[in-house]
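Here the structure is laid out as C-alpha cells; the discussion comes afterwards.
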Amino acid sequence: MSEFQRSSSPATIEAVEAIRFTPTDHGKRGPGLSLWHYVLALAIALALFIFWFIFTTRSVTFQFSPTAQTISVSGGLSFEVGNVILLREGTYRISAITELHEPFEQDVFVGADSNQTFEFAFVPLPGFLRLNLDPSDAQAWVDGEEVGLLTELPAGEHELSVTHPRYQPYTDIVEIEGKQIEREISVDLRPNWSDVAITSSPPDASIYIDGELWPSLTPTNIEALAGEREIEIRKEGYKSHRQRIFAQALQPMALETAKLIQADAQLTVTTRPSDVGVLVNGQFIGQTPIQLDLKSATTHTLQLIKAGYATVTRSLSLNRNDREALKIDLRRQTGQVTITVLPDNAEVWIDGAKKEAANETITLPIRPHDIELKLAGHAGYRQTITPKVGLTQEIKVKLLTLEEARLAAMKPAIQAPDGQTLLLFQPEDFKMGASRREPGRRANETLRDVAMTNLFYLATHETTNKQFRAFASGHDSGKYVETSLNDDEQPAVALSWHDAASYCNWLSEQERLAPFYNIEFGKVRSVNPQAIGYRLPTEAEWSWAARTFDSSTAQESQEQLRFPWGKNLPPPERHGNYADRAASSLVGRVIFGYNDNYAAAAPIGTYKANHRGLYDIGGNAAEWVSDFYEIPGVETVTDPTGPTKGEYHVIKGSSWMHGSISELRYSFRDYGIDGRQDVGFRIARYVETPK
C-alpha cells in the first residue's frame, strides 16, 4: 500500500477545530503621555520663566529709618532675595509698617539701572502736649493756631506762644517726640504791670487809667500796664488832676499826693453819638461824655470832632462856681455815589440792605459802606467805599455770567514741576484732516468736523533732554551719524510713547494730581479720562493749537494753516527746523534752497513762536500725542481722544528729518510705538475735569 493511501485511511484522519485569534505583542501602540512628561514640561516652562524673570529684573533695595517691620510691593511681579527685591522696570506702590509710626505708602519708579537703592523715613505718630498755665485764662498758640490744654501735635519742633492781656507774652520752641508720647509743660506768665500807689487831697477821688475807671477810690494801689499811661483823678467840685507816667513791669511806683484844686466852673458835655473828641482852646481833652474844669470869667472855644460828622464849634464863658451841662446832637455828613451796573436789572445791596434800583445816584453818610451787586446766574460783585463830602464817586460794574466768571478765574498760564510753561486754551470747533484735493494728502487724513468743549493747558516748548533726565537719569537721545541729539536744551527723543506717558505721570505725582495714565511694568494699560494730571495732548488739541486762528482775528481769513508758515512752499528763511541744505548729508530729501542753520535737532525755542505762543509746533522734533492710531471716519466727533485700544500711537508734526510736501503739512499723520531719533513730545493737561 502506498504512503498516500496509508495517510488517507479513516483511522488516521484528525478533526479540525476553530480557535480564538490572539494577536502577539509585536507592533502594539503605547498609551498617551504619562504624568511625568507633563511634570517635566511644566518644570522646564517654570525654569524658563524664572530664567527670563531674573535676567529682565533689577535688584532693588528699600532702606527705611527706622527699620521697617514689613515691606510689601504691589503693581507687578516681585521676588524677594534676602534684603533685595527683584523687580522689572516700571512704577510700583511701596507699603511699609513699623511700630509707633505712620504707615508708609509711595509710588516709586524702577528704572533701567541694574542695582537701585531707595531710602525712606517713617513719620512718627503724633504726640501730645499738655499745658499747665498760670493764669488759667491765658491763651496758648502752637505754630500760630490757638490750642487747648491738651493738644495732639505732629512729631518735631513747634513754636509755643502763651498770651494774656495783662501778662508778658511767653514764646518757646518745644520738641514733640511723637509716637503717642505726652509732653507736659508748665508756663507761669510774668505780670506786665506796675503797682502804682495813688493818694489825693482830699481823698475819695475817682481814678481813670487811659480813660477807664478804676474800681476803687483814693488812696489805693492800681495796676498800670507797662508803657506810657495817663492817670486822671476826678472829684466832684474839683478840677481834674492829670499826670502821665511810664510804668515798667514788676517795678512798683508811688506817685506824689495829687492836690485837687476846687474848680472855678465845671461843664459836663454829652453828645449823640458818644465818643466824640473834645478840644478846649485847641487842646485835646478827651472824649464824650466828659466833665470839663474851666476857668471862670474867661471865654473858651469848645470843639467837638468825629469822623463822618460835621465839626461843632462853641464859644462859652462860665461864672465862678457854675455847674453847667451841654448836650449836642452832631450832624452826619453825607456824600454821593453813582452805581452803574450791567445788566441793569441787577440788585444793589448797601450794608446788607437791598436798595430799590441800580443806575442812580445814592446819598450815603461819610463812613465805609459795603456795596454788593447781585443777579441770578451771574457772579456777584462786592466793594467797600467811603463817600466824600462835595464829591460824587462812581462805581461801574459789568456782572459776569457764571461761565464768564469761571473762565476769568482760570490762570492764563501755569508752570509745571519741571519748569515748563503751559498756556491756557479754550478751543473752538474746527475741521481736522485734509481735503482729497490737497497736494500731498494721505489716505489716513480723513477730513471731518470736530467739536471742542474742554479747556486745556499746552506746553509752549517740547520737553528737553535735561528735563527728561531729571525723571530718567540714564536717558540718552544719542546722535544721528555724527551729529549729537543729546545736548541739554535739545528736545528729548529716542524715547517710546510709554516713556513719554511715564514722564507725564511723574509730573503729576510731584503736584499730587491724579495721574492720567495707569501704568504697569513700564507700560500704559489704560487711562483715567477724568483725571487732570499731566498727559500728552490729544491729536485734536494738537491740531487745533497748530492750525487754527482765534475767531476774533481776521488773519488768513479764518482759513486753517496748511504748513506751519502758511499755504505754500517754501518756508520763509529760518522759520523753523526742517530738512534744509545743512541736513543734505543726513537725510534723503531736503527743502530746496532752505537754510535753518541746524543739520539735526536745534535747541528748543530757537525759532519764533507761532500765533498761539507755541514753539516748534512744526519742525525740530515730531511729537507723540495721546491717541491710539486709526484711520478715522467722516462723522462729526466731540472732544475726540482716539480709539480705546490699539497697537500704535499717532505722531504729529514735521521734524528736522522732513522735507517733502506731504510730511511738512500740519494734517500729516505718522504713527509708531518705539522711540525714534526725530520724535519727542510736549506735555498738556486739562484745566478741570472733562465734560
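Restricting attention to region 247-276, the residues being surrounded by fewer than 17 Cβ atoms within 10 Å (Cβ to Cβ) and over 18 Å from Ile233 (Cβ atoms) number 10. Residues in region 154-190 that are β-branched (Val, Ile, Thr) and outside any strand (DSSP E or B): Ile181 alone.
Any residue that is modelled with pLDDT of 90 or more, over 42 Å from the mean Cα position of the chain (by Cα) and of a type in the set (Ser, Thr, Tyr) - is there at least one of those in region 315-325? So far as region 315-325 goes, yes, one or more of its residues are modelled with pLDDT of 90 or more, over 42 Å from the mean Cα position of the chain (by Cα) and of a type in the set (Ser, Thr, Tyr).
Residue count for region 202-215 satisfying the condition of being of a type in the set (Gly, Ala, Ser) and surrounded by 12 or more Cβ atoms within 10 Å (Cβ to Cβ): 2.
Cβ-Cβ distances below 9 Å connect the following pairs, each with a first residue in region 359-377 that is assigned by TED's automatic domain parsing to the domain that holds Ile395, a second residue that is of a type in the set (Lys, Arg) and surrounded by 12 or more Cβ atoms within 10 Å (Cβ to Cβ), and a separation of six or more residues or different chains: Ile362/Lys355; Pro365/Arg332; Ile366/Arg332; Ile366/Lys388; Arg367/Arg332.
What number of residues within region 386-395 are exposed (fewer than 14 other Cβ atoms within 10 Å of the Cβ) and outside any strand (DSSP E or B)? Total satisfying the criteria: 2.
Contact map, region 404-428: first residue without any contact (Cβ under 8 Å) to a residue 60 or more places away in the chain, second residue of a type in the set (A, V, I, L, M, F, W, C) and loosely packed, with under 13 Cβ neighbours inside 10 Å, Cβ cut-off under 6 Å, separation 6 or more or different chains; pairs are Thr421/Ala413. Only strands (runs of 3 or more DSSP E) whose full extent lies in region 298-341 are considered here, and the ones with at least 2 residues that are without any contact (Cβ under 8 Å) to a residue 24 or more places away in the chain are 300-305, 312-316. Taken over region 209-223, residues that are in a loop (DSSP other than H, G, I, E, B) and under 56 Å from the mean Cα position of the chain (by Cα) amount to 4.
Cβ-Cβ distances below 6 Å connect the following pairs, each with a first residue in region 458-484 that is in the same structural domain as Ala609 (by TED's automatic domain parsing), a second residue that is small (Gly, Ala, Ser) and assigned to a helix (DSSP H, G or I), and a separation of six or more residues or different chains: Leu458/Ala545. Counting only strands (runs of 3 or more DSSP E) that sit completely within region 396-464, zero hold 3 or more residues that are more than 24 Å from Arg682 (Cα to Cα) and within 19 Å of the chain's Cα centre (by Cα). Filtered by the rule that a residue be in a loop (DSSP other than H, G, I, E, B), within 34 Å of the chain's Cα centre (by Cα) and farther than 14 Å from Val397 by Cβ, region 353-385 gives Ala376, Gly377.
Taking (1) surrounded by 19 or more Cβ atoms within 10 Å (Cβ to Cβ); (2) within 31 Å of the chain's Cα centre (by Cα) in turn, Asp639 satisfies each apart from (1). Among the residues that make up region 186-200, is at least one of them touching a residue at least 40 places away in the same chain (Cβ under 8 Å), small (Gly, Ala, Ser), in contact with a strand residue (DSSP E or B) (Cβ under 9 Å, 6 or more places away or on another chain) and exposed (fewer than 15 other Cβ atoms within 10 Å of the Cβ)? Among the residues of region 186-200, at least one is touching a residue at least 40 places away in the same chain (Cβ under 8 Å), small (Gly, Ala, Ser), in contact with a strand residue (DSSP E or B) (Cβ under 9 Å, 6 or more places away or on another chain) and exposed (fewer than 15 other Cβ atoms within 10 Å of the Cβ), which makes the answer yes. Residues that are under 36 Å from the mean Cα position of the chain (by Cα) and among the hydroxyl-bearing types (Ser, Thr, Tyr) occur at least once in region 610-618.
The values are calculated or read from the model by the stated rules, or taken from the named source; none is laboratory data. Keep in mind it's a predicted model, so treat the numbers as computed, not measured. So basically every Cβ, Gly included, is an ideal-geometry build from the backbone, and we count neighbours across all protein chains shown.
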